[in-house]
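Taking it in order: structure first as structure tokens, then the write-up.
The values are calculated or read from the model by the stated rules, or taken from the named source; none is laboratory data. Just so it is clear, the model here is predicted, and its values are computed rather than measured. Virtual Cβ from ideal backbone geometry, glycine too; neighbours counted across all protein chains shown.
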Amino acid sequence: MKDLLGLLTATYGPSGNEDPIRELIENEIKDYVDELSTDALGNLIAVKKGNGTGKKVMIAAHMDQIGLIVTGIDDKGFLRFSNIGGVSVLNIINRRVKFKDGTCGVVSYESEIDDIKKLTLQKMYIDIGAKNKEEAAERVEIGDVAVYDAPMFASGDRLSACAMDNRVGCVVAIEALKRVKESDHDLYFVFTVQEELGLRGARTSAYGIMPDIGIALDVTLTGDTPNARRMAIKLGQGPAIKVKDSSVISHPMVKNLMIKRAKEANIPYQLEVLEAGGTDSGAIHLTASGVPSGVISVPCRYVHSGQEMIDLRDMMQATDLLVAILNKDL
Amino acid sequence: MVDLLKELTEAAGVSGNENEVRDIILRLAQPLSDKTYVDRMGNVIAVKKGTGSGKKLMVAAHMDEVGFIISGIGDNGMLKFRPVGGIDQRVLVSKRVLIGPDRIPGVIGVKAIHLQEPQERNTVIKQRQMYIDIGASSKEEASRLVKLGDYAIFDSSFLIFGQDKVKAKALDDRVGCSIILELLKDRYDFDLYACFTVQEEVGLRGAGVAAYHIEPDMGLVIEGTTAADIPDVPDHLKTTKLGKGPAISFMDYSSVANKDLFKQMVRTAEENKIPYQLKENVSGGNDAGRIQQSRAGVPTIAISVPCRYIHSPSCVMDLNDYKNTLLLAQKFLKGCEVR
């Protein structure tokens, strides 16, 4: 699982440009599913048929990541950009970023800024080492998107890389998809697009599928770092079963079932109340006449930075929990 | 073409009260279409049957415009009002407006400079401190002319000036409406669903409903978008420039353009030698956001006519951009294979 996560976090796939990551996931799962398709927005939908007695379950993990989209190239060859998803100024200063074709650059800012708090993305640029506009334009076009270039490192059970949000969820989905063998249910594993721009892929894929139950897989924040904002989630204490975030209140039936299955299988778990942020279940549960939905989260530090840290055990136990849920009655 | 733009931009159609402009569009669209109807939200939908595939392409422009709604009538006969849609409150002072179906004239007033504290002169006057003066001297007199909930528009007439420049209110998005009316004159391989949507300026409301019941296979949005090619705006924030051709969007706050359609649009412009520009900023949103996310998803793209000072009584655009946007849309639809 660790190697797969390393590969996924290093693969390019910002919101709206998910082709490379989709291709990778497609190859990873194609031998394990009954149907595989890509919908109009680019969501990858993998179906594992049940025995006809179960429910239709949508398991969603967004495969997109945040990024920087080029809006213009100046005469000296510096790239101006806007954000794809939640990009904070502080997280990107002097960071190394890469484009789809491997072109690398460094993010910096106009040096006349004296107060860093006043810095906005409009005063920042990407330096790809081009000597002038023509040279830059040969490598990068307007509308191209850069992502963090930060390969994974491991320190014991702790793993750190860019795009843990939400390649962790993708790995959980991929592993569960391979391991689930005896489910009664029709399982729709959806690797969604454009979550970081407002749950867009989940909205359309859920409409296309019309599931009976929705389960999203994503990362969540933690409260276990120095002077952290208070939050009862820690790395290494097991997967988090979401109670609420800004996009959804988990359906009690789904949430309680998750707790029950965790207890039965002796899987440690934490209960998550996320004060700011949302995930695909926010869109899924409001589809058509409503879909009972819940979320399994993997705790993650430094979310949306160039190095997001998780605990491998949390991810593995999240997978165990998902498999336990899908293998039994819903 | 110019006459059409004049008629459309001078018509009233603040979000939620699009009747006047809708009537004009219906009158003009009917003879060009196989079927026209108004849905429950008030969107106009004109259908032009195709010659082949039976696939549906939804082309959308919103007919609503930003404006005002009357929210109170004071004892002194002055009207309180609220903006409908995004309006910069700094453009409001001393502007002329027309209120309600009878177009009662009024001016937006504030305390004169002589009466302002020094501190007040250095701050922006808040919209809530402004009022509309319709020349009435009592609540009774004002109430005979205006009712609560009446809408008001900027009083601004269509003008051609300078080098092929146009000044008008509501170019956003009557330019799109006008272009779509032109597109209806042709017949295509696919069925063309020309949608003139309502309530875009208050949250893309009409387009979502229209896309839901049309169930299109592809979406094309035609807009008026912001141009900031004016002094003191750094090059990288100009977004679009007048006279440089239609702006093709790769992304805004409501949608990321479908990659294939984006490439196809750029290719269409290049092959036909139509000048074009990319919208060099991520800002604003439009009906594409709702169409793209309708039902199980719809591949969607937006092109726009650059307009300076949008959402003000005096928007300015270049007629050449308008013609080239129409040309690009025509060529795109002619070469378009809807799947």
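Candidates are the residues of segment A:169-186 that are more than 20 Å from the chain's Cα centre (by Cα) and within 22 Å of A:Ala240 (Cβ to Cβ); the one that is surrounded by the most Cβ atoms within 10 Å (Cβ to Cβ) is A:Val180. The one condition from (1) over 20 Å from A:Leu274 (Cβ atoms); (2) in contact with a Ser or Thr (Cβ under 7 Å, 6 or more places away or on another chain) that A:Ile209 does not meet is (2).
Suppose we keep only residues that are touching a helix residue (DSSP H, G or I) at 6+ places or on another chain (Cβ under 9 Å), among the aliphatic types (A, V, I, L, M) and closer than 11 Å to A:Val107 by Cα within segment A:117-149. Which one would you say is farthest from the other protein chains (Cβ to nearest Cβ)? Among residues in segment A:117-149 that are touching a helix residue (DSSP H, G or I) at 6+ places or on another chain (Cβ under 9 Å), among the aliphatic types (A, V, I, L, M) and closer than 11 Å to A:Val107 by Cα, the one farthest from the other protein chains (Cβ to nearest Cβ) is A:Ile128. The condition of being within 11 Å of chain A (Cβ to nearest Cβ) and either within 16 Å of B:Gly176 (Cβ to Cβ) or not hydrophobic (A, V, I, L, M, F, W, C) (or both) holds for only one of B:Lys263, B:Lys241, that being B:Lys263.
Restricting A:Asp64, A:Asp31, A:Asp19 to those that are out of contact with any strand residue (DSSP E or B) (no Cβ under 9 Å at 6 or more places or on another chain) and closer than 30 Å to A:Glu141 by Cα reduces the list to A:Asp19. Take the conditions (1) away from every other protein chain (no Cβ under 14 Å); (2) in a loop (DSSP other than H, G, I, E, B); A:Pro211 misses just one of them, which is (1). The set of residues from segment A:141-186 being without any contact (Cβ under 8 Å) to a residue 12 or more places away in the chain and polar (S, T, N, Q) comprises just one member, A:Ser155. Scan (1) hydrophobic (A, V, I, L, M, F, W, C); (2) closer than 30 Å to B:Cys336 by Cβ; (3) assigned to a strand (DSSP E or B) for the single condition B:Ile70 breaks and write down its number. All conditions are met except number (2).
Each residue in segment A:243-278 was checked for being assigned to a loop (DSSP other than H, G, I, E, B), of a type outside the set (Gly, Ala, Ser), farther than 18 Å from A:Glu196 by Cα and touching a helix residue (DSSP H, G or I) at 6+ places or on another chain (Cβ under 6 Å), and 2 pass. So which of B:Pro275, B:Pro313, B:Pro246, B:Pro234 ends up being farther than 23 Å from A:Ala283 by Cβ and either basic (Lys, Arg) or within 11 Å of chain A (Cβ to nearest Cβ) (or both)? After ruling out the rest, the residue left standing is B:Pro234.
Residue-by-condition table, conditions (1) assigned by TED's automatic domain parsing to the domain that holds A:Leu322; (2) over 30 Å from A:Ile69 (Cβ atoms); (3) among the aromatic types (Phe, Trp, Tyr):
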| site | (1), (2), (3) |
| --- | --- |
| A:Arg139 | no, no, no |
| A:Ile142 | no, no, no |
| A:Ile209 | yes, no, no |
| A:Thr222 | yes, no, no |
| A:Pro226 | yes, yes, no |
| A:Gln237 | yes, yes, no |
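Of all the criteria given as (1) surrounded by fewer than 18 Cβ atoms within 10 Å (Cβ to Cβ); (2) in contact (Cβ under 8 Å) with a residue 24 or more places away in the chain; (3) within 12 Å of chain B (Cβ to nearest Cβ); (4) not in a loop (DSSP other than H, G, I, E, B), the one not satisfied by A:Ser82 is (1).
Listed here are the residues, each with its yes/no results for (1) more than 17 Å from A:Thr220 (Cα to Cα); (2) out of contact with any strand residue (DSSP E or B) (no Cβ under 7 Å at 6 or more places or on another chain); (3) surrounded by 18 or more Cβ atoms within 10 Å (Cβ to Cβ); (4) of a type in the set (A, V, I, L, M).
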site	(1), (2), (3), (4)
A:Pro268	no, yes, no, no
A:Ala276	no, yes, no, yes
A:Gly306	no, no, yes, no
A:Met316	no, yes, yes, yes
A:Thr319	no, yes, yes, no
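Within segment A:85-98, being crowded, with 16+ Cβ neighbours inside 10 Å and either hydroxyl-bearing (Ser, Thr, Tyr) or away from chain B (no Cβ under 14 Å) (or both) holds for A:Val89, A:Asn91, A:Ile92, A:Arg95, A:Val97, A:Lys98. Could you check, for segment A:174-185, whether at least one of its residues is assigned to a loop (DSSP other than H, G, I, E, B), out of contact with any helix residue (DSSP H, G or I) (no Cβ under 8 Å at 6 or more places or on another chain) and small (Gly, Ala, Ser)? No, the conditions are met nowhere in segment A:174-185. The criterion of at least 3 residues that are buried (at least 16 other Cβ atoms within 10 Å of the Cβ) is met by the following strands (runs of 3 or more DSSP E) wholly inside segment B:10-64: B:44-48, B:56-62.
Filtering segment B:279-295 to residues that are within 9 Å of chain A (Cβ to nearest Cβ) and at pLDDT 95 or above leaves B:Gly289, B:Gln292, B:Gln293, B:Ser294, B:Arg295. Where strands (runs of 3 or more DSSP E) sit wholly within segment A:1-75, those with at least 1 residues that are at pLDDT 95 or above and closer than 23 Å to A:Ile215 by Cα occupy A:35-38, A:44-48, A:56-62. Evaluated against (1) more than 16 Å from A:Cys300 (Cβ to Cβ); (2) part of a loop (DSSP other than H, G, I, E, B); (3) away from chain B (no Cβ under 14 Å); (4) over 20 Å from the mean Cα position of the chain (by Cα), A:Thr287 falls short on exactly one condition, (3).
Looking at the structure I just gave you, is B:Asp88 surrounded by fewer than 18 Cβ atoms within 10 Å (Cβ to Cβ), of a type in the set (Asp, Glu) and closer than 17 Å to B:Asp155 by Cα? Spelling it out, B:Asp88 is indeed surrounded by fewer than 18 Cβ atoms within 10 Å (Cβ to Cβ), of a type in the set (Asp, Glu) and closer than 17 Å to B:Asp155 by Cα.
Based on what the data block shows, is A:Leu68 touching a residue at least 24 places away in the same chain (Cβ under 8 Å), within 14 Å of another protein chain (Cβ to nearest Cβ), surrounded by 24 or more Cβ atoms within 10 Å (Cβ to Cβ) and closer than 22 Å to A:His304 by Cα? Criteria met by A:Leu68. In segment B:78-187, counting only helices (runs of 4 or more DSSP H) that sit wholly within it, the ones holding 3 or more residues that are touching a helix residue (DSSP H, G or I) at 6+ places or on another chain (Cβ under 6 Å) span B:171-183. Within segment B:242-298, the residues that satisfy the criterion of being assigned to a strand (DSSP E or B) and free of Cβ contacts under 8 Å to residues at least 40 places away in the same chain are B:Met251, B:Val256, B:Gln277, B:Leu278. Checking every residue in segment B:244-265 against the condition of being surrounded by fewer than 18 Cβ atoms within 10 Å (Cβ to Cβ) and of a type in the set (Phe, Trp, Tyr) gives at least one match. Counting only residues that are closer than 25 Å to A:Phe191 by Cα and in a strand (DSSP E or B), which one in segment A:150-173 is farthest from the other protein chains (Cβ to nearest Cβ)? Going through the qualifying residues, I end up with A:Arg158.
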